[in-house]
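Before any comments, here is the structure.
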Amino acid sequence: MTGKPFMFAPRWDAASYLRNSTGGGNPANKGGAAFSMIATLEYSSKAGSPEKAVADHIKQAFTNPKATKPLNALKNVPGDNVKEPLHRLYLDQKRRDRNRAVAVRECTRAWGAKYTDGGKECDEFPFATTYEGSAAAEFDVHVEKDNFSVMPVPGAQNGAAGNLLSGFYTANRIIDGPDDGFIVKIN
């Protein structure tokens, strides 16, 4: 037994949008602890998985970003490694709405107004609920324009992926802002 012991430093938060934000009525007990490490959201691209279409879309955005919409020869979609993690966007509703609007605009440009036929929805990656979402370049001059991917996917699969993301945020106590990054892996 040699070497120096180490421990990841825990973070304590009482974010109003996470569990136990009130402490069950006792302010002294409010909040929760999370360890300072990059959490990983996993989606499955296996046949029959409820989020398969979204997982396939994200996989393409990671492995062949230049083939995704919108077109951008310099596209390098973040979120697949610890050097370029995603960051939760919760507190700025207008920015989340703008991320969604930009994504829908690009789906309409690429596939026409009827891309929603058959119950499809515009899936965007990075997620609209991240600072790296579709409108990131409008808010940060250091972000490459059109450095995201959109694709029409079945609404039920988009919803299943969204439910997984929401549960992931809660289970891992991912807070808003640059201090709490996460990555996405496709199985």
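Tabulated data for the structure shown
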{"item": "Flag for Ala47 being surrounded by fewer than 13 Cβ atoms within 10 Å (Cβ to Cβ) and over 16 Å from Ile186 (Cβ atoms)", "result": "no"}
{"item": "From the options Asp123, Asp180, residue that is farther than 12 Å from His87 by Cβ, surrounded by 15 or more Cβ atoms within 10 Å (Cβ to Cβ) and within 14 Å of the chain's Cα centre (by Cα)", "result": "Asp123"}
{"item": "Cross-chain or 6+ apart pairs with Cβ under 8 Å, the range 156-173 first and within 14 Å of Val184 (Cβ to Cβ) and touching a residue at least 24 places away in the same chain (Cβ under 8 Å), then in a helix (DSSP H, G or I) and among the β-branched types (Val, Ile, Thr)", "result": "Ala161/Val54"}
{"item": "The lone exception for Gly177 - which of (1) in contact with a Lys or Arg (Cβ under 8 Å, 6 or more places away or on another chain); (2) of a type in the set (Gly, Ala, Ser); (3) over 19 Å from Lys66 (Cα atoms); (4) in a helix (DSSP H, G or I) it fails", "result": "(4)"}
{"item": "Leu71, sole failed condition from (1) touching a residue at least 60 places away in the same chain (Cβ under 8 Å); (2) out of contact with any Lys or Arg (no Cβ under 7 Å at 6 or more places or on another chain); (3) buried (at least 16 other Cβ atoms within 10 Å of the Cβ)", "result": "(3)"}
{"item": "Flag for Ile183 being touching a strand residue (DSSP E or B) at 6+ places or on another chain (Cβ under 6 Å), closer than 30 Å to Gly31 by Cα, part of a strand (DSSP E or B) and not small (Gly, Ala, Ser)", "result": "yes"}
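Read the figures in this text as sums done on the coordinates, not as results from a lab. The structure presented is a predicted model; accordingly, all values stated were derived computationally and were not measured. Cβ sites come from the backbone with ideal geometry, for glycine too, and all protein chains shown count toward neighbours.
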